[in-house]
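To keep things clear, I will list the structure first and then write my remarks on it.
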Amino acid sequence: MVTSVAKGRTPHSEPDYIARAEALAEGFAVRAAEHDRTASFPFENFRELSEAGLLSLTVPAAFGGAGAGARYAARVLGIVGKACASTALVLSMHYINHFVMARSPAWPVRLSRKLAHETVEGLALINALRVEPELGSPARGGLPATIARRTETGWRLSGHKIYSTGSPILKWYLVWARTDEAEPRVGQFLAPAGLPGTRIVETWDHHGLRASGSHDVIFDDVVIPLDAEIDVRKPQEWRAPDPVQATVHTIFVAAIYDGIARAARDWLVSFLKTRAPASLGAPLATLPRAQEILGGIEARLAVNARLIDSFASDFDDGLQLSAIESNIVKLTVTNNAVAAVEDALSPTSNHGLSRKNPLERHYRDVLCGRVHTPPGRHHENHCRAHCARYLANHHMEFPDVGRVHRLYR
């Protein structure tokens, strides 16, 4: 088991993976519009990612992967997100789960090694299936309706999951379920995709991230082995979020939405340089207002880059990062990304919202950041309550300036 954040990293190889991602991104960007239009899953993107060794980027070197840290993984996700946000979202979930399983004592070494080797050798993606029609997001509490019933030889899994990102290509599901015990426990059960009783219902018809394959997955008395129980606890023991998962989720998801905003910025620059209305007699880029808008976008993206890179570096260096800090970074980066794309729309008139141009797709995709866990309003209320408790406990003193500074350095 890899327990140290730094253990297994291969920093000298990491820039090579950045170059590989940049090379693949060109093709991803070309195909993105058609996948968005048809809501088709980009299988070819993942075949190319696998061939380039990028699916195993966050797999520990001890298990045959690249052992890259969060900083380089975020860079890869930003590059992929700029080209095809749906591909990046599926990839980020895969990266997050490999980060967690390599560092969590709850994961049996045999299973984490098995899944790692499968990822190194081929297409073997994993994601957690947590959200349900009645429950909503488990982040807000409540018992899942999905039930794991103990048998003499293992478990039988029954339930209905929604928003199962990457479902068309996943090889492994981490299913959030409760046991059928008198006092139910809650946690994750590892289930291979395609078992008898498992079916995918193609329900995903969304405003943004349309190619992410976030369909429903139904489990009808699916038989899984006894050791499929990965991390199952009493419900009250899940109140505190896992710090590793919270941090890498923040970093990776933030990198995707920042990548979308950078794609919008690039299109805007090209548009302003080439669009020359007859009434103006010069490109729009010559207008002070257009330059001001572009400057504001660049400022937001600069803040995002600093936050993502600094936060990821802190994690890679082994610093203890709280869930509150993680959520603040996610909220700030996402809000900046949404604002940047909205600003990019403002000088483009009808052109920016035309389906023949990618800016409207970037706008639809980036808006998904507002509902991605933790959603903005939920987190703002959480932060407000946290600050109120902090001030009450510290006799209205201001929080540690040094700690806040580290977030924005």
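Only the coordinates and a few stated rules stand behind these numbers; no lab work does. Nothing here was measured: the structure is a model prediction, and the numbers come from that model. Cβ coordinates were reconstructed from backbone atoms using ideal geometry, including for glycine residues, and neighbour counts include every protein chain displayed.
Can you figure out the FRET efficiency of E121 with S313, using R₀ = 25 Å and their beta-carbon distance, to the nearest 0.05? Could the numbers behind the result be given before it?
Working: r = 31 Å, r/R0 = 1.22.
Efficiency at R0 = 25 Å is approximately 0.25.
What fraction of the DSSP beta bridges in the chain is antiparallel, stated in percent and rounded to the nearest 5?
Looking only at bridges with both residues in the chain, the antiparallel portion is about 80 percent.
Under 29 Å Cα to Cα from K114, which lysines show up? Leave out anything in the same chain fewer than 8 places away.
The reachable lysines, counting only those whose Cα sits under 29 Å from K114, are K7, K161, K171, K234.
May I ask you to list the residues of the range 322-349 whose amide nitrogen lies under 15 Å from a point 7 Å from Cα along the Cα→beta-carbon direction of R275?
Only 341-349 pass the distance filter.
Identify, among V244, M101, F41, the residue whose Cα sits farthest towards the positive end of the charge dipole of the chain, taking +1 on the Cβ of Lys and Arg and -1 on the Cβ of Asp and Glu, with the dipole about the Cα centre.
Farthest along the dipole direction, towards plus: V244.
Using R₀ = 45 Å, calculate the FRET efficiency as 1/(1 + (r/R₀)^6) where r is the Cβ-Cβ separation of Q291 and D221; round to 0.05.
The value I calculate is 0.10.
With angles folded into 0 to 90 degrees, how steeply does helix 376-393 sit against the dominant principal axis of the chain? Use alpha carbons for both and round to 10.
Around 80 degrees separate the two axes.
Between E26 and S40, what is the label-point separation in nm under the 7 Å Cα-to-beta-carbon projection?
Once both label points are built, they end up 2.2 nm from each other.
Set the Förster radius R0 to 45 Å, insert the Cβ-Cβ distance between E298 and E134 as r into 1/(1 + (r/R0)^6), and round the FRET efficiency to 0.05.
Here the calculated transfer efficiency is 0.55.
Kindly provide the trypsin sites (Lys or Arg not before Pro) of the range 227-294 that DSSP labels as loop, not H, G, I, E or B, and whose Cβ sees at most 13 other Cβ atoms within 10 Å.
Passing sites in the range 227-294 are R239.
Report the net charge of residues surrounding A246, where surrounding means a beta-carbon distance below 10 angstrom and charges are Lys +1, Arg +1, Asp -1, Glu -1.
Details: positive: K330; negative: D242, E325.
Net local charge, A246 excluded: -1.
When Lys and Arg each count +1 and Asp and Glu each count -1, what net charge do the other residues less than 15 Å away from T203, Cβ to Cβ, add up to?
Result for the neighbourhood of T203: -1.
Just checking my list (i) 22.0, 75; (ii) 21.1, 70; (iii) 21.9, 80 against Rg and Dmax of the Cα atoms in Å computed from this structure; which label fits?
(iii)
How far apart, in nanometres, would the label points at D205 and R47 be if each is projected 7 angstrom from Cα along the Cα-to-Cβ direction?
Simple spin-label model gives 2.9 nm for this pair.
What angle, in degrees between 0 and 90 and rounded to the nearest 10, separates the Cα long axis of helix 109-121 from the longest principal axis of the Cα atoms of the chain?
40
Roughly how many whole Å is it from the C-alpha centroid of the range 300-339 to that of the range 41-92?
Rounded to whole Å, the Cα centres lie 19 Å apart.
Which of the GluC sites (Glu not before Pro) found in the range 104-187 are in a DSSP loop and have at most 15 neighbouring Cβ atoms, other than their own, within 10 Å?
Sites meeting the loop and neighbour criteria: E134, E152, E181.
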